Amino acid sequence: MRGGRPGTPATSLTHERGSMKDLERKTSDELIRDAQLLARSYHYVSYSSQLYAPTDYETDDDSATPPIERRYWKALSTEDLEEKAGGIFFTAFIDRQIYNFASVARQSCLYKIKTPASRLLIKTSQGLRVLQEDGKLHEPDGKFVPNMLGPMLNEDPDDKARVMGVITEWLGDDEELALSLLHHLATALAPHWSAGKYILLIGEGRNGKSVLTFMLQDLFGLLNCSGVTRQLMASRDSSVTALNGKLLNLVFDGANEFVKDSSTEKTLITGEPITIRRAYDPEGTVVQTNALFIEALNKEPKTSDKSAALQARLVRFKFPNRYADNEEFAAEMRSPRMLGALLSLLLDNYVLPEQKAVMLAPTSAARQLAQDYMLANSLPLQYLLHLAETCPVTLEEELVGEQFSTLASQFQRWRKDQGDILPWDEQRLYEDFAPLLEMEKQKAWVTGKPVQMRVWHITGFRQDTLDLLASHKEEEDVSTPMVED
């Protein structure tokens, strides 16, 4: 990418922010001219429906294009453009003119980048460095990099040990969990591929998860973070467009509201594109991100999606402790020194795509949390466990080969015995049991009719169901005391 000479303005435009000149309304032609002049004179870059300005990484000055070794690209919001247009051209915007101004500026950029981002900029004691796809730091080469982390890298072993010790304590002194969490967090440093994971930090409060969430926001910076909730994704809210170009989607205090549709969530988590339509954008905006999704929760919400596909993407970490408020400790952990140490730990645990299956494998604790959630979120699964505990034979002997309608009738009677007055029609039950059982249509005599029809029969169990039933059986065996003769 070309740039201006170091230390010289990128244009002859002059800033008159200190003057008392009033802002003016402009004609459409004047706004187009100003947007073109601003984008081209300051060497703006258009990338993923976003404008970026070449900026000095230490002074944060974007009024002149800095030399390669000092250059990062700052994402510009509509508020930034409004301020620049007001300060340079004394422009006053009304209605939605600022969005048209931003659109013209993006179209007018001399540099339109379409290749997905694959690198990050990191501050070190030796200067600015580029984190490339191999997980190593290299000297900058001037190519466009849309993301830079704020704190300077800190490789001090004592500081790194301090941060690692705190994270381990937050997770119940479980070193395996702490290492797994670092592996998952480190995938946020790799914008060129999607780990396909949604991290849930679960705990009742004052247990460290909020401090960790703030540390991540401070480390990656507000410009690299969005905060779109699962509920907003389910409703395809226009705020979903904020995910473009981000490294983290960070939700500080996730709602316990029912998630009615997980299709958008699953699409976005895996890095696949989706189109979101906004009121002023009739053609829609394509949203595609490799951001790591992280949400802090007191209690995980229930969801209509009972599929194993969603559960494979959700990774849960339990924060079991409870601490007294300690502002001094929080300030220490959020200090540039400790943030730099956290960054160093993440670099040490950088995950290459080919290492995903091993380094991001769920721990036994994460699998247990997933099973606990599946059980709490599924009445059909609770009924299968009830059958396993009460029937005189195994579930395979009890159910395999039976018509699904028989199981549906048994479930309906069980819910009635539990005081549930809600209607449970067979089609709804089929949809709820489908993630748990293997079923296929076979010919059978229909009760009360002298004909054969193809009806659903149970042919087996899904592997996730078998794993959960086996785990539950193991817990029962451990909790049952031995009785001596």
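Of note:
- Test result for residue 204, part of a helix (DSSP H, G or I) and either charged (D, E, K, R) or not assigned by TED's automatic domain parsing to the domain that holds residue 95 (or both): no
- Test: residue in region 248-258 that is surrounded by fewer than 18 Cβ atoms within 10 Å (Cβ to Cβ) and touching a Lys or Arg at 6+ places or on another chain (Cβ under 6 Å): yes
- From the list 125, 180, 118, the lone residue that is among the hydroxyl-bearing types (Ser, Thr, Tyr) and buried (at least 18 other Cβ atoms within 10 Å of the Cβ) is 180.
To keep it simple, each residue is scored yes or no on (1) at pLDDT below 95; (2) among the small types (Gly, Ala, Ser).
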{"site": "4", "(1), (2)": "yes, yes"}
{"site": "11", "(1), (2)": "yes, no"}
{"site": "47", "(1), (2)": "yes, no"}
{"site": "72", "(1), (2)": "no, no"}
{"site": "78", "(1), (2)": "yes, no"}
{"site": "99", "(1), (2)": "yes, no"}
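- Selected residue [in contact with a Pro (Cβ under 9 Å, 6 or more places away or on another chain), over 30 Å from residue 290 (Cβ atoms) and of a type outside the set (Val, Ile, Thr)] from 378, 409, 405: 378
- The test for being surrounded by 15 or more Cβ atoms within 10 Å (Cβ to Cβ) and either modelled with pLDDT under 90 or polar (S, T, N, Q) (or both) does not hold for residue 19.
- When 434, 365, 444 are checked against the criterion of being under 19 Å from residue 466 (Cα atoms), touching a residue at least 40 places away in the same chain (Cβ under 8 Å) and of a type outside the set (Ser, Thr, Tyr), 365 stands alone in meeting it.
- Among the residues of region 233-288, those identified as of a type in the set (D, E, K, R), under 22 Å from residue 309 (Cα atoms) and free of Cβ contacts under 8 Å to residues at least 60 places away in the same chain are 236, 257, 260, 261, 266, 272.
- All conditions in (1) within 30 Å of residue 271 (Cα to Cα); (2) more than 27 Å from the chain's Cα centre (by Cα) hold for residue 82, with the sole exception of (1).
- Given (1) within 23 Å of residue 81 (Cβ to Cβ); (2) more than 26 Å from the chain's Cα centre (by Cα); (3) at pLDDT below 95, number of the condition residue 143 does not satisfy: (1)
- Candidates in region 375-432 are the residues that are basic (Lys, Arg) and under 38 Å from the mean Cα position of the chain (by Cα); of these, the one that is farthest from residue 459 (Cα to Cα) is 415.
- Residue 360 vs. criteria under 13 Å from residue 216 (Cα atoms) and either under 19 Å from the mean Cα position of the chain (by Cα) or at pLDDT 95 or above (or both): no
- Against the criterion of being closer than 30 Å to residue 137 by Cβ, in contact with a helix residue (DSSP H, G or I) (Cβ under 8 Å, 6 or more places away or on another chain) and of a type in the set (Asp, Glu), residue 332 qualifies.
- Annotation note: Cβ proximity below 7 Å between a residue of region 406-427 that is among the acidic types (Asp, Glu) and a residue that is assigned to a loop (DSSP other than H, G, I, E, B) and at pLDDT below 95 (sequence gap 6+ or interchain) occurs for no pair.
- Among the candidates 96, 71, residue that is touching a residue at least 60 places away in the same chain (Cβ under 8 Å) and surrounded by fewer than 20 Cβ atoms within 10 Å (Cβ to Cβ): 96
- Scanning region 217-246 for residues that are within 29 Å of residue 162 (Cβ to Cβ) and crowded, with 23+ Cβ neighbours inside 10 Å yields 219, 220, 224, 246.
- Close contacts from region 320-332, counting a first residue that is in the same structural domain as residue 207 (by TED's automatic domain parsing) and surrounded by 10 or more Cβ atoms within 10 Å (Cβ to Cβ) and a second that is of a type in the set (Lys, Arg) and at pLDDT below 95, with Cβ to Cβ under 9 Å and a gap of 6+ residues or different chains, come to 321/206; 322/206; 323/206.
The values are calculated or read from the model by the stated rules, or taken from the named source; none is laboratory data. Nothing here was measured: the structure is a model prediction, and the numbers come from that model. Please note: Cβ atoms are built from the backbone with ideal geometry, for glycine as well, and neighbour counts cover all protein chains shown.
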